[in-house]
Each structure stands twice: as structure tokens, then as C-alpha cells.
Amino acid sequence: MSAPNKSGWKPQMEAAEGGVPQGPQTTTGNRALMLEEPLIFEIGHAETTGVDLPGIDPAATTRLNGLERSEPIGLVGLTEPESVRHYTRLSRQNYGIDLGFFPLGSCTMKHNPRLNEKVARLPGFADIHPLAPQSTVQGALQVIHELGDWLCKLTGMPSVAMSPKAGAHGELCGILAIRAAHTARGNPREVVLVPESAHGTNPATAAFAGYKVDNIPATPEGRVDVDALKARLGPDVAAVMITNPNTCGLFEKDFRTIADAVHDAGGYVYCDGANFNAIVGRVRPGDLGVDAMHINLHKTFSTPHGGGGPGSGPVVFSEALAPFAPLPFVRKYEDGTYDLVEEEKREASRGQAFGRMTAFHGQMGMFTRALTYMLSHGADGLKQVAEDAVLNANYILRSLEDILHAPFADSGPCMHEALFGDKDFGGGLSTLDLAKGLIDEGYHPMTVYFPLVVHGAMLVEPTETESKASIDQFITAFRSVTERALAGDESLKQAPYYAPRRRLDETAAARKPKLAWSEPEV
């Protein structure tokens, strides 16, 4: 080892791991523009402050009505440059859709058009307050109403609830409306059927609403076993929660048969609309017999996915469930004005509403972005969205099926996502190892180990916003890492090598999370 020079720099090479050279060691831990960043508690101290504040008279009265802090909060005091640099450096270690292709299956990580962002930042929308008088926010109410009208037309459903804040929140909204409808008939029923190919939130939502969940198996082709579902129907079944297209990336071609059987048994059909991006403009779920379906605005209509909240998961309803949809909802009058129908103004259209999902329609940023996306595309453009998303997914499926196990490749074209498994991996390597190897190639990994019906599942969704060039580059990287996995390349077990952090113990992180910082033990 060479002696450090006067500056403290040690010119020796760091130890190579897995045959990958790590480069010279630096005194700061930085690597050129990849800057090492400690925790904010390790940068500053709670005893210092980055600004000068006047002294506070301990005897002075406050407006906190006895809710004053009784002890210091313990936050560190940083200057403004220190604070800005800290969060900027952390943001550089993150991956987002503006950096590159985001292949997360089922999540639909599509580009957020800047036009949408511009509209959402208009003062009349950006600074709106939920307690503003309705007469002063007519434009916002009009946006909510027009967006809801678009959703009804695209789905072929007569009613919509705009208040749910996210997909799972929308699922709960739909199931509560179904419970209310059954209760109004004198029997809330006890069971919700959930196919293996449905989203994982579906059984959780049904259980949260107080239902027992019964599983319906899938066929070898990756679709709902219709015979098994029909055999389970009975007077205790309240609904079926079905995802279409399903999480195997396949369209449920027997959906209408399933819906008719459920209706004949006195139940309702809940459709998870998370994959609506694959069929928007092509298929109207209402024509398939759907009674309730949530729509993730971020997945289909390009609003930010995560971190840009609050989210939005509107729910459309059939005529049978429309009276039970939650309050409030926006009503348009003949003179062109709008208002929110609250509890005291409920009418026949929702005379049996089960209640409310939230206090306010607080997602104006999501509403304005989604409506802008719809208006800029038009009906024909939205149809092309679905067609291009499906085309891109099938291009990935057929480009990789010769090297990766594609369990449902013979079931026909996939929809908006391609599904692979870890069959024939060598050296004890797993899907997780391949995913970590993709990080070194500069990609966020695809969705792994979901759906559960495929061993070592890898679910890839390109969306319609990726060019052929970007997809080709991803395919090349994916093939390269797959070849290493099939050959049993042991170095993959230590990947990633080039990420800001090496591989973490994800099991310990899930089972023994540390949610608060504490001084390290000396």
C-alpha cells in the first residue's frame, strides 16, 4: 500500500470484487460526479442553526393552546447551501422516468408530458384551497366534472366517484358500494372471489372490508379458470374482483361469460383497472359487464407516479351500483354552473350512498394533468396509446423468448407487459441476482416475483412512451445479464457493483426496519 501524499489522497486501488475493478480510493468517498452523501444528522448538529433567529421570551404567550413542544425536537441546523446540496445529491442517487426506461411491470411508469405540468401549475389550480367557496372555484369543479365525463365515456359506465385518492383506495370504494348494495337487499353476503391472476391488493381490500376471500385458480394458459369460478358461485358470494388485462399480461377473453355467471348468482363484478392503459380506447369495461372499476390516473393518463401526490383513483360504476357510490360528487346545472352534492343535498342518483371516502377532492394537480392528457390526445390518440403499449410489450416478449422462459408465450399476444420466469438459471442464481445485474447496466429492475403463479417472475412493461431505440438498448442489456445468469456467473450474486450502495440485506430491512436515526454506539 502506498503512503498517502500531503493532501491525504491514497493512490492505491480498492479491492476488486467479483472481478470488477473498483478504481482508486478517494479521501472523500466521492467518485467524480457520484458524490457520497451522509445522513443529514451526520452533516449538522442540533445545537447549531444555519440562520439567526431572535430570542424567544419563555413567558410569551402563543396560539398553540398548550400544544407547545416540551423538549427540543432534535433536528439539525444547516445553512441553506448545505440543505440544498444534501437533497440534490440524494436526488442524483435516485432513478426516475426522466433518467431512463423504467420497466416496472404492472406499474405503468410512463412519461409525464411537460404540457400537463404547465397546466397543473397555473395559479387558478395550483393555489386552490379546499375550503374556498364553491362560487370561487367553478373552473376547478368544471375540470372534475369533465374528467369524470371522459372516464365514463371511455369505460362505458354511467357514474363515477372522483374522490378516492389512489388505486387501493378506489378498490375499497368499489367494494364498499357493493356491500351497501347487498345490505340494501337485506344480505351483505360474506365472500369475495379473487383469481390468482388478480392484483395483490384485491384480496387485501376485500379482507379489509370484512369479507372472506376465496381464491380462484388460473388455467395453464394464465387466465381465470371459468369452470372453477362457476362452481364456487353461490348465495354467499358478494362479488368477484378480477384484473383485466390480468397480471400475467393477458386479456381475459372469457370476461363476459364470467360477468354473466356472477350476475346470475346475484353478485357484482369488480374490475381492477390498473391495467386499463392496455385497452383504453379499444375496450369499454362497461360492455363486458363490469359493475365497478377503479382507474389509476398515473398509470393510464400520465399523472406522476409516486411522490407527486396526493394520488387519484376514480371509480366508475354501473347503473346497479351508481345509487350507492360515495358523496360528494360534482353536479352540473343547465346554466353551466357546478356544485358539490353533499350529504344534505343527496338525491335519487345517490340516495343510498354508503358515505364518503375523504373530506375533500384534494387531487387537483392529478385532475388537471389527466384532463390535459386526454384533451391533447383525443379519443383516437388514446386508442393509439393502448395499441403502442401493446406493440412495445410484444416486441420485448418475442425478442427475449428465445433466451428467457416465457410461460405464456403460446397463449397468444400479451397485452401491455411481458412475463418471464427464472427457469434454467445456473449456479444457484435467482431472479433477484439478474435484477441487481440490471442496475449495473443503468436500469431500474423490472417487477420481480410477481405474479406468484410464475416461479421467479419478471414482469416487464415498456409503456407506449418508449422509442424502439430505447427498447432495443434495454433488450440488449437484458440479454447480456440473462446470458450471465444462464451460465451461472457467480459475480451476479454480488451485484450491483456500480450503484451508490452495494447489495443490501432486504430481508433484514423488511423484518427489522430502523425508522428513526440514533447516535451510533461508540
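Annotations
- Here the Karplus curve 6.51 cos²θ - 1.76 cosθ + 1.60, taken at θ = phi - 60°, turns the phi angles of segment 38-49 into couplings of x, 5, 4, 6, 8, 8, x, 9, 5, 7, 10, 9 Hz, with x standing for Gly and Pro.
- Each label point was placed 7 Å from the Cα along the Cα-to-Cβ direction; for Glu401 and Arg69 their separation is 6.0 nm.
- Solvent-accessible surface (1.4 Å probe) assigned to His305 amounts to roughly 70 Å².
- ³J(HN,Hα) computed for each position of segment 503-516 - Karplus, 6.51 cos²θ - 1.76 cosθ + 1.60, integer Hz, glycine/proline x: 4, 9, 7, 5, 5, 5, 5, 7, 8, 10, x, 9, 9, 9
- A 1.4 Å probe run over segment 53-150, with the rest of the protein chains in place, finds 70 Å² accessible per residue.
- Charged neighbours of Gly313, selected by a Cβ distance under 13 Å, balance to 0 (K, R count +1; D, E count -1).
- Axial C-alpha extent at least 27 Å, average Kyte-Doolittle at least 1.6 - helices from the chain (DSSP): none
- C-alpha center-to-center spacing [segment 24-99, segment 126-198] in angstrom: 40
- Order of exposure, largest accessible area first, which applies to Val522, Val51 with probe 1.4 Å: Val522, Val51
- Pairs from Lys165/Lys212; Lys299/Lys383; Lys110/Lys383; Lys493/Lys514; Lys423/Lys468 whose Cα-Cα separation, in the structure shown, is over 18 Å: Lys165/Lys212; Lys493/Lys514; Lys423/Lys468
- The H on the amide N of Ala499, modeled in the peptide plane, is under 5 Å from the matching H of no residue at least 5 residues off or on a different chain.
- Between Glu521 and Arg89, the C-beta separation translates, for a Förster distance of 25 Å, into a calculated FRET efficiency of about 0.40.
- Extension gain, Thr49 to Arg503, is 159.9 nm, computed as 0.36 nm per intervening residue step minus the present C-alpha separation.
- The three principal axes of the C-alpha atoms in segment 177-333 carry coordinate ranges of 42, 39, 28 Å, sorted with the longest axis first.
- Percent carbon-and-sulfur accessible area, segment 244-344, ignoring ligands, DNA and RNA, probe 1.4 Å: 46
- Solvent-accessible area per residue in segment 365-427 equals 38 Å², computed with a 1.4 angstrom probe and all protein chains kept.
- Unit Cα scatterers, Debye sum, segment 329-480: log10 I(q)/I(0) for q = 0.15, 0.19 Å⁻¹: -0.87, -1.13
- Scalar couplings 3J(HN,Hα) for segment 329-342, obtained by applying the Karplus form with A = 6.51, B = -1.76, C = 1.60 to θ = phi - 60°, are 9, 8, 10, 9, 9, 4, 7, x, 8, 9, 8, 9, 7, 9 Hz; x denotes Gly and Pro.
- Nitroxide proxy distance, nm - points 7 Å out along Cα→Cβ at Thr79 and Ala126: 2.9
- Segment 130-219, accessible surface, carbon-and-sulfur percent (1.4 angstrom probe): 59
- Using bins of 5 Å that start at zero, the share of Cα-Cα pairs per bin across segment 213-257 amounts to 5, 21, 34, 24, 12, 4, 0, in whole %.
- A straight chain from Phe360 to Arg185 at 0.36 nm per residue would run longer than the Cα-Cα distance by 60.0 nm.
- Segment Glu387-Glu117, length gained on full extension (0.36 nm per residue, minus Cα span): 94.7 nm
- Within segment 237-312, the proportion of Cα pairs with more than 21 Å between them is 30 percent.
- When both segment 228-279 and segment 323-345 are represented by their alpha-carbon centers, they are found 30 Å apart.
- Over all other residues within a Cβ to Cβ distance under 13 Å of Glu82, the charged ones net out to -1, with Lys and Arg as +1 and Asp and Glu as -1.
- Over all directions, the projected convex hull of the C-alpha atoms in the chain averages 31.9 nm² in area.
- Spacing of the two label points (7 Å from each Cα toward its C-beta) at Ile56 and Asn30, in nm: 3.6
- Considering only the chain, percent of DSSP beta bridges that pair antiparallel, nearest 5: 55
- Accessible surface of segment 411-457 [probe 1.4 Å, protein heavy atoms]: carbon and sulfur percent: 59
- Relative contact order of the chain, defined on C-alpha pairs under 8 angstrom at six or more residues apart (%): 17
- Rounded if a/c under 1.5, otherwise prolate or oblate - segment 411-484, Cα gyration tensor axes: oblate
The values are calculated or read from the model by the stated rules, or taken from the named source; none is laboratory data. Keep in mind that this is a model prediction, so the values were computed, not measured. Neighbour counts are summed over all protein chains in view; Cβ atoms, including those assigned to glycine, are modelled from backbone coordinates with ideal geometry. For the accessible areas, the whole protein counts, side chains as well, though only heavy atoms, and no ligand, DNA or RNA atoms are used. Shrake-Rupley method; radii C 1.70, N 1.55, O 1.52, S 1.80 Å.
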